[in-house]
1. Just in region 12-116: which GluC sites (Glu not before Pro) are loop by DSSP and have at most 11 other Cβ atoms within 10 Å?
2. Could you order peptides 29-40, 142-153 by the average number of other Cβ atoms within 10 Å of their residues, highest first?
3. Once all Cα-Cα distances of region 97-151 are split into 10 Å bins that start at 0, what whole-number percent is in each one?
4. Give the relative contact order (percent, whole number) for the chain; include only Cα pairs under 8 Å separated by 6+ residues.
5. Determine the share of the chain's accessible area contributed by carbon and sulfur atoms, expressed in whole percent, with a 1.4 angstrom probe.
6. Run the simple label-point estimate for Ser144 and Thr62 please: 7 Å along Cα→C-beta, distance reported in nm.
7. Would you mind getting me the FRET efficiency between Lys117 and Ser157? Use the beta-carbon distance for r and R0 = 22 Å, nearest 0.05.
8. Dipole of the chain (Lys/Arg Cβ +1, Asp/Glu Cβ -1, origin at the Cα centre): which of Val104, Leu132, Phe164 lies farthest to the positive side?
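The values are calculated or read from the model by the stated rules, or taken from the named source; none is laboratory data. Quantities reported herein were computed from a predicted structural model and do not represent experimental measurements. Note that each Cβ is placed from the backbone with ideal geometry, even for glycine, and that neighbours are counted across all protein chains shown. Surface areas here come from the heavy atoms of the whole protein model, side chains and all, with no ligands, DNA or RNA. Shrake-Rupley method; radii C 1.70, N 1.55, O 1.52, S 1.80 Å.
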Amino acid sequence: MNFVGWMIVACEIAFWVVIILGLVVRYVFKKNKPGLFLLALTPVIDLVLLLITSVDLYKGATATTAHAIAAVYIGVSIAFGKSMIDWADERFQYYVTKEGPKPVKRYGIDHAKHYFKSWIRHIFSYLIGAGLLVGLIYWIDDPSRTEALSGILRLWSLIIGIDFLIALSHFI
């Protein structure tokens, strides 16, 4: 795995470490503002990954799948970040601090609506990630160096379509 691949792994680990630390500080130590500050650091992690990926490509590296996944990661993190934090927050409150309501298990039409809203977030993440991928493709302006970016963009486009069909199937 190349440097960018390791940075994606490091950023994903950092994302969850910051969330867990934020929740621990917020609920265990009862320090709301420092806890929220830690939770607010998640976009900084995305920015670091974006800078590392961009600098690597600017220095002349041939884009790899890792570079493309970095763009996907950033799109998903921005679109789903708040909902992932809310999900973790709800479960931390209930299972760790034994406070708050039990997380709701969704069934039937409620599950279908929730999944469809998640698909809308998936579209938002796609627009962000695809925008980054297209931007990198045009910025590098060398198809031989951006094949991996184009390939992931095509694959993600297919995945969006499949996810839409899955979202619709929940209503049947």
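1. Working: sites: Glu12, Glu90, Glu99; in loops: Glu99.
Passing both the DSSP loop test and the Cβ count: Glu99.
2. Numbers: 29-40: 13.7, 142-153: 16.5.
Highest mean packing first, the order is 142-153, 29-40.
3. It works out to 20, 25, 22, 17, 13, 2, in whole percents.
4. Details: 161 pairs, mean separation 43.0, N = 172.
Answer for the chain is 25 percent.
5. Working: 7230 of 10190 Å².
For the chain, the apolar C and S fraction of the accessible surface comes to 71 percent.
6. Here the modelled spin labels are 0.9 nm apart.
7. Values: r = 21 Å, r/R0 = 0.94.
About 0.60, to the nearest 0.05.
8. Val104
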